[in-house]
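Step one of this worksheet: look at the structure below.
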Amino acid sequence: MLNLQRNFINNEYIVSLNFILLMFLPVSLLIGSAVINFVIILFDILFLIDVIKKKEKQIFNEKHIYLLFIIWFYLIINSFIGIDFESSIVRSIGFIRFVILAIGINYYFRKYYDYFLYNIIKIWSLIFIVVTLDLIFETTLGFNLTGNISPDKGRLSSFLGEELKIGNYYFGFILITLSYLLLKFKNNYILYLFSIIFIIIALLIGERSNFLKVLFILPLFLFFFENKNFLKKIFVIFISVSILFTIVYSNNNYKTRFWEMLLEPLIQAKLNPIESLKTKMHGAHYDTAIQIFVENKLSGIGLKNFRKISGDAKYKNTNYQYTDYRQTTHPHQMHFEILSELGLIGYILFGLFFYMSISNSLKIYIKSKNLFQLSSMLFIIATIIPLLPSGSFFTTYTASIFWINYGLLFYKKS
């Protein structure tokens, strides 16, 4: 370990700088898009210099990477045929920064695994725990450690202040942190304890969609990280669910958000999620996206253009309660975002990409049993669940969290 660190200091200056940038990456997510983009772009440039200098261009010779570059080229071409070139082209060209970020993370993850684990992943996990403590502080006192007060009483914002999206951050790093804690302490009881704490915090954040994703991936992680202690795992899940129900029913804010706004409409719709969406604002967004897709089936309207036409009168649908609020920046669901803005061509390309990535990583995981690969695979599967609301797949904040996880998806010893 010390020899490896000495090697970084004496010879691997670019690698050392890139590792510092990776350590800082989760913090940049808590600061703002400008800082995130600066860190990612600098990392990308240094990474490309590093692999060119070492003549390791073979790292790009992977089918899923070829497909990513094909998707990037399609995004650029699609900008020319969309409804507003100027709106689409910058986002389309900028997509490459996330591709390089994911490739770079995976390269360093595989080549310097021990150093990556005990430095990068360790720092990411510590930052996640600090965010957890901050959320507990905010829950208790009504403001976070820096004095931020959430603009919504039923939701927490932590270090993000006015932006109510800390739930996405929590969803993105929860399994990475649990994986590190398990490897660090080699104690299942510590894993179970932190799992209960983290899932409670995910509920207290108040973001329904991200909480449901956490509720989906956490039990799967507990059951798949090892094939034993199933009764203990079931008990942990039972305790967690019991605490969650107690919190929801004993607090009016959470009762409103999770019972009255989520479960009750679904029950009234006879467990038909499509029907229940007609009473929700996101349902109006989804319906508008579908209408736009029907009019532009092949190639969509171009990235970042949903905001420009979603308010058109022709998309008004009185079957949806919030149809007058249909105009927004994006459809708030990645499937509808891709369909409406990139059409069938884009949807098929991304569909192939997700299928290829998940199926290949599953084959590798069966052999490697690498916990971080398992955590990223579950994260990606949860990300592509249909109907659940989400941030725009192409914005800096959401995309950064996704591609950080994607960088850990393939683990092969170098």
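Only the coordinates and a few stated rules stand behind these numbers; no lab work does. Because the structure is predicted, anything quoted here is derived from the model rather than measured. A quick note on method: Cβ atoms are made from the backbone with ideal geometry, for glycine too, and the neighbour counts reach across all protein chains shown.
Charges only on Cβ, +1 for Lys and Arg, -1 for Asp and Glu: so what's the dipole of the range 171-278 about the Cα centre, in debye to the nearest 20? Let's see the in-between values first.
Details: 11 positive and 5 negative charges, 53 e Å.
In total the dipole reaches around 260 debye.
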Name the trypsin sites (Lys or Arg not before Pro) in the range 145-184 that are in a loop by DSSP and that have at most 16 other C-beta atoms within 10 Å, would you?
-> K153
Taking the dipole of the chain about the Cα centre (Lys, Arg +1; Asp, Glu -1; charges at Cβ), the one of I89, M261, S375 that reaches farthest to the positive side is S375
Integer Hz, Karplus 6.51/-1.76/1.60 couplings in order for the range 399-406, x for Gly and Pro = 5, 4, 4, 4, 6, 4, 5, 4
Farthest toward positive dipole pole in the chain [+1 Lys/Arg, -1 Asp/Glu at C-beta], among I201, Y112, L175 = Y112
What ³J(HN,Hα) values, in whole Hz, does the Karplus curve 6.51 cos²θ - 1.76 cosθ + 1.60 give for the range 325-334 when θ = phi - 60°, with x put for Gly and Pro?
-> 10, 6, 6, 7, 6, 7, x, 6, 7, 4
Extending each Cα 7 Å along its Cβ direction at I358 and T329, get the distance between those two points in nm, one decimal.
-> 2.7 nm
Quick one: what Rg and Dmax do you get for the range 13-137 from the alpha carbons, in Å?
-> 16.8, 49
At what distance in angstrom do the alpha carbon centres of the range 351-413 and the range 313-340 lie from each other?
-> 27 Å
Extension gain (nm, one decimal) between L266 and I366, 0.36 nm per residue minus Cα-Cα | 32.3 nm
Once amide hydrogens are built 1.01 Å from N within the peptide plane, the residues lying 5 or more places from S299 or on another chain with amide H under 5 Å from its amide H are L344
Would you kindly state how much longer the chain becomes between K297 and T395 on full extension, computed as 0.36 nm times their sequence separation minus their alpha carbon distance, in nm to one decimal?
-> 33.0 nm
Separation between Cα centres of the range 146-209 and the range 22-77, rounded to whole Å = 26 Å
Sum -39500 (n - 2.57) across every DSSP H segment of at least 4 residues in the chain, then divide by the residue count to get the 222 nm mean residue ellipticity, nearest 500.
-> -22000 deg cm²/dmol
For the range 53-142 the GluC sites (Glu not before Pro) that pass both the DSSP coil test and the at-most-13 other-Cβ-within-10 Å test are E56
Dipole magnitude of the chain about its Cα centre (Cβ charges: Lys, Arg +1; Asp, Glu -1), debye to nearest 20 = 1180 debye
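Between the DSSP loop rule and a limit of at most 14 other Cβ atoms within 10 Å, which trypsin sites (Lys or Arg not before Pro) in the range 209-296 are left? Please list the in-between numbers first.
On the way: sites: K213, K228, K232, K233, K255, R257, K270, K278, K280; in loops: K228, K270, K280.
Hits after loop and neighbour filter: K228, K270.
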If you build a Gaussian network model of the chain, linking Cα atoms that sit under 10 Å apart, which residue out of L42, L231, L222 swings the most?
-> L231
At 7 Å along the Cα-to-beta-carbon direction for both F69 and T139, put a label point, then send me their distance in nm to one decimal.
-> 4.7 nm
